[in-house]
Amino acid sequence: MKWLLFAWRNVLRNKRRTTIAAGTIAMGAIALLAAAGYVNATFTGLRETTIKGGVGHFQIGAIGQFDGYQETPMELALPAHDAEAVTKKASEIDDVRFSMKRVLFEGLISNGDRTVIFLGRGVEPGKEKKLSRNFAPIIAGRSLPKIKKDKAVDLNKVILGKDLARNLGVKPGDFVTLLTTTVHGSLNAIDLTVSGLYTTGIPEQDERFLMVPLPIAQSLLGTDKVSRVVVVLDKTEVTNTILSNLQKDFPKLEMKDWLSLAPFYQKVVTLYQSIFTVMGAIVVLVVLLSTTNTMLMSIMERAREIGTIRAFGISRIRLKLNFLIEGGIIGLIGASTGAVMAYGSAQVVNQVGILMPPPPGMNVEIPLLFMIDGSYFAGVISLLIIVGSISAWYPSRHAVRQKIVDALDHI
Amino acid sequence: MNNLLKIQGLSKTFSRGGDTVKALDNVSISLEKETFAAVSGPSGSGKSTLLNIVGTLDRPDSGSVSLEGEEIDYFNEGKLEDIRSNRLGFIFQDFNLIPVLSAVENVEMPLYSSNLSTSERREKAEQALDAVGLADRMEHRPNQLSGGQQQRVAVARALAGTPELVLGDEPTANLDTKSAFLLLDVMENLNQTLGTAFLFSTHDPRILERAKTVFTLEDGVLQS
Ligand SMILES: Nc1ncnc2c1ncn2[C@@H]1O[C@H](COP(=O)(O)OP(=O)(O)OP(=O)(O)O)[C@@H](O)[C@H]1O
Ligand SMILES: [Mg+2]
């Protein structure tokens, strides 16, 4: 207590110098918090884009579905009763918005003259649109019809990736034939009307992809199995809890969360994190150098006092510790001030809603957001308290090592 | 045994550039307990050097210093800290009070390393300040005190840890005559009431008169 008070008085001793040092630390705190808040907002945005972009919060399949090799089509698919059971169970959980089924298949598509390979997806269009307003953005014609239980709808439709349509020379309204191997190993074909053309934004996908209503895919393949059940939640935070609870009830099914289904997200996170780490290290280093300089001045001019205090038997370690406390106090003052300022500015910027130019691969402006978690404040403040202490370390080391006579002689 | 301090064959050489100065040359001194002794000599004769070495603030080149029969090990920092905090007190020419601490806190400071409770420490410091006649100046900061008052706070600080020996390097040099004599009265009084031994250096012959024993140095050599 007495030492803390002593340190505190020494901090207050040269107010201007303390203010400058604390100000430098405050700037560092703002820089770190702003960067962390921006990166966090970006991660969150990207996370939601990934999930809403079709991945969902998690997906359920038969064991091996996500990375296994299928000898015959739908070999690693979920039998209908499993899909129903897990869908029913999921729908009883709070926070589960809905779940939907998908069939993944491949085959040949032909317009009569030309035949090319396709990768197909049987979907429930209504639910896909509920997950993503951006589901299969149509550039010509119309999207797939919704499947309705009570009303008969003509489901014999297909939507094609725009480059696939170009390769085949078909447009909405034309007929195409899809040819594939059934689960029994025989060939099967179906004639469908091209309902519309869509683009994913990724040329490789637009060249190969098509989508049909789920029942069409199943009848083409001669099965009632589904490849995957996609589960969509109210909020992303509860993904792991719900997934592991559901997994307990269905140990024989494989479940993968959005994170493991989106390697792209992880790569971006890793990239951003390394950029942030380098930037953070530079900020910390600059702050450290500047505060070390201040502490050096402050400690050097107290050489005689240090000599006096040591002459009365106060140990070097005790004295040194007190300089570290002084540095820590300056760190705390600076970092807290910076934290308050960062919080305030983040609130303002988030409220005002500044729009940033669209990132590559997107065509909408995104709002500039800072999401600064409580843990970031705690982390940055602790870090800068340590930085403040370390900045006193070298100067105090020199000061307490001096011979007492030399310290006392100091003018 | 009534021996407090025994200095034997103490030598110290300083070198600055190519020059070497023998600041102390084979000095031997004995001090009794409860003594009131002074070191005199012209400027550069080695007074400060002697007091610094006895006070463990500097190391001798050769020779030994014993406190109550126990030789000081100048290379054992832990032991030295213990000696400084429990057995010695210091008064400096420039007072050397800590400006951010009040008078009473300055006096308490040497006791920070003891295991006294806060109230015990405060009581000791108040007693010491009372003994130097500054009971009404406890909470003043050094810059609110006159030079003479500051030096009396310094005396109280030197005595707070109840040392056996208080060392003073020209404690009156920066004081006017009146304050200097007042300080001397205070020191003498403490010497008589508490039995604390004093060893101080001075140029001032009127101050020297008050000492029971006087050692004279010249060019680092003790005169007899
Ligand atoms: N750190 C040092 N480096 C070099 N020489 C020194 C050092 N300290 C003292 N000396 C020299 O040692 C000699 C004795 O010095 P000391 O300070 O002990 O004398 P003093 O009697 O206290 O003098 P004064 O009355 O002026 O204070 C002097 O010649 C001084 O120049
Ligand atoms: Mg001197």
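Considered as an equivalent ellipsoid built on the Cα gyration tensor, chain B has semi-axes of 28, 20, 17 Å, the largest given first. The distance separating the Cα centre of the range A:1-58 from that of the range A:253-313 comes to 11 Å. Of the beta bridges in the range A:64-251, as assigned by DSSP with both residues counted there, near 75 percent are antiparallel.
Each peptide in B:184-196, B:80-92, B:63-75 was scored by the mean count of other Cβ atoms within 10 Å over its residues; highest first, the order is B:80-92, B:184-196, B:63-75. Summing Lys and Arg as +1 and Asp and Glu as -1 over all other residues whose Cβ lies under 12 Å from the Cβ of A:ASP234 gives a net charge of -1. Using 0.36 nm per residue and subtracting the Cα-Cα separation, the extra length available between B:ASN26 and B:ASP204 on full extension is 61.6 nm. In loop segments of the range A:244-320 as defined by DSSP, there are no chymotrypsin sites (Phe, Trp or Tyr not before Pro) with at most 13 further C-beta atoms inside 10 Å of their C-beta.
For the range A:135-199 and the range B:159-211, write down the distance between their C-alpha centroids in whole Å. One Cα centre to the other: 108 Å. Sort out for me the Cα centre separation of the range A:372-397 from the range B:51-71, rounded to whole Å. Each part's Cα centre sits 43 Å from the other's. Among A:VAL400, A:VAL230, the order by Cβ neighbours within 10 angstrom, fewest to most, reads A:VAL400, A:VAL230. Here's how it looks for B:VAL21: its modeled amide H is under 5 Å from those of B:PHE14, B:SER15, B:ARG16, which are all 5 or more places away or on a different chain. Taking θ as phi - 60° and the Karplus parameters 6.51, -1.76 and 1.60, the scalar couplings of the range B:8-17 work out to 10, x, 6, 10, 8, 10, 9, 10, 10, x Hz in sequence order, x denoting glycine and proline.
Spin-label model, A:GLU71/A:LYS88: points 7 Å from Cα along the beta carbon direction are separated by 3.2 nm. As a ratio to 2.2 N^0.38 Å, the alpha-carbon radius of gyration computed for the range A:64-251 takes the value 1.06. Overall, the anisotropy analysis places the range A:1-42 in the oblate class: the square-rooted eigenvalues a ≥ b ≥ c of its C-alpha gyration tensor yield a/c not less than 1.5, with a/b not exceeding b/c. Neighbours of A:ASN167, meaning other residues whose beta-carbon lies under 15 angstrom from its beta-carbon, give a summed charge of -1 when Lys and Arg score +1 and Asp and Glu score -1. Inter-chain Cβ neighbour count for B:73-80, averaged per residue, equals 1 (cutoff 10 Å, partner chain atoms only).
Shown here: chain A, whose C-alpha atoms stretch 102, 44, 36 Å along the first, second and third principal axes, sorted largest to smallest. Modelled label positions at A:ARG401 and B:LEU194, each set 7 Å beyond Cα in the direction of Cβ, lie 3.6 nm from each other. Across the range B:159-170, coupling constants 3J(HN,Hα) worked out from phi with the 6.51/-1.76/1.60 Karplus curve, θ = phi - 60°, read 8, 4, x, 6, x, 7, 9, 10, 9, x, 8, 6 Hz, and Gly and Pro carry x.
Distances between placed amide hydrogens fall under 5 Å for A:LEU119 paired with A:PHE209, A:LEU210, all partners being 5 or more residues away or on another chain. Using the Cβ-Cβ distance between B:ARG141 and B:THR162 with R0 set to 25 Å, the FRET efficiency from 1/(1 + (r/R0)^6) comes to roughly 0.50. Between A:SER345 and B:SER117, the distance separating the two model label sites (each 7 Å from Cα on the Cα→Cβ line) works out to 5.1 nm. Averaging 1/r across all pairs of distinct Cα atoms in the range A:284-411 and inverting the result yields a Kirkwood radius of 17.3 Å.
Considering only A:ALA217, A:ALA303, A:ALA136, give the residue with the highest GNM mean-square fluctuation for chain A, with springs between Cα atoms whenever their separation is below 10 Å. Largest GNM mean-square fluctuation: A:ALA303.
For the protein assembly as shown, the share of DSSP beta bridges that are antiparallel, to the nearest 5, is 70%. For chain B, the share of DSSP beta bridges that are antiparallel, to the nearest 5, is 55%.
Summed over all non-identical Cα pairs, the Kirkwood treatment of the range A:1-106 gives a radius of 19.8 Å. Comparing mean-square fluctuations of B:ARG141, B:ARG152, B:ARG206 from a GNM of chain B with C-alpha springs under 10 Å, the top value falls on B:ARG206. Stretched out straight at 0.36 nm per residue, the stretch from A:LEU285 to A:ILE63 would grow longer than its current Cα-Cα span by 74.9 nm.
Just counting partner chain Cβ atoms within 10 Å, what average do the residues of peptide B:82-94 show around their Cβ? If you average over the peptide's residues, the count of other-chain Cβ atoms is 3.
Here the Karplus relation 6.51 cos²θ - 1.76 cosθ + 1.60, evaluated at θ = phi - 60°, turns the backbone of the range B:23-36 into coupling constants of 6, 9, 10, 6, 8, 10, 9, 10, 10, 7, 5, 6, 7, 10 Hz, with x for every Gly and Pro. For the range A:184-271, the list of trypsin sites (Lys or Arg not before Pro) that fall in a loop by DSSP and count at most 13 other C-beta atoms within 10 angstrom reads A:LYS235, A:LYS252.
Counting only lysines at least 8 places from B:LYS178 when in the same chain, those with an alpha carbon closer than 30 Å to its own are B:LYS33, B:LYS47, B:LYS124, B:LYS212. The mean count of C-beta atoms from other chains within 10 Å of the C-beta of residues in B:53-65, rounded to a whole number, is 2. Among the chymotrypsin sites (Phe, Trp or Tyr not before Pro) in the range B:126-224, none is located in a DSSP loop while being surrounded by at most 11 other Cβ atoms within 10 Å of its own Cβ.
Rounded, prolate or oblate: which fits the range A:149-286, taking a ≥ b ≥ c as square roots of the Cα gyration tensor eigenvalues, rounded meaning a/c under 1.5, else prolate when a/b beats b/c? Since a/c reaches 1.5 but b/c is at least a/b, the shape of the range A:149-286 is classed as oblate. Each peptide in B:157-164, A:11-18, A:173-180 gets a packing score, the mean of other Cβ atoms within 10 Å over its residues, and the list from highest to lowest is B:157-164, A:173-180, A:11-18. If R0 is taken as 41 Å, the Cβ-Cβ distance between A:LYS267 and A:ILE139 corresponds to a FRET efficiency of 0.90.
Comparing B:GLY18, B:GLY148, B:GLY46 in a Gaussian network model of chain B, where Cα atoms under 10 Å apart are tied by springs, the biggest mean-square fluctuation is seen for B:GLY18.
For B:VAL39, the residues whose amide H sits under 5 Å from its own are B:PHE200, B:SER201, B:THR202, B:PHE215, ignoring neighbours fewer than 5 places away on the same chain, with H placed 1.01 Å from N. Measuring r between the beta carbons of A:ARG97 and B:ARG59 and using R0 = 56 Å, the FRET efficiency lands at 0.10.
The residue among A:PHE98, B:MET138, A:ALA31 whose Cα reaches farthest toward the positive pole of the charge dipole of the protein assembly as shown, with charges on the beta-carbon of Lys, Arg, Asp and Glu, is A:PHE98. Across chain B, the mean sequence separation of Cα contacts (distance under 8 Å, 6 or more residues apart), normalised by length, yields a relative contact order of 31 percent.
Read-outs throughout are calculated quantities, based only on the coordinates presented, and are distinct from any laboratory measurement. Just so we're clear, the structure is a prediction, and the values are computed from it rather than from any experiment. When we count neighbours, we look across all protein chains shown, and the Cβ atoms used for this are built from the backbone with ideal geometry, even at glycine.
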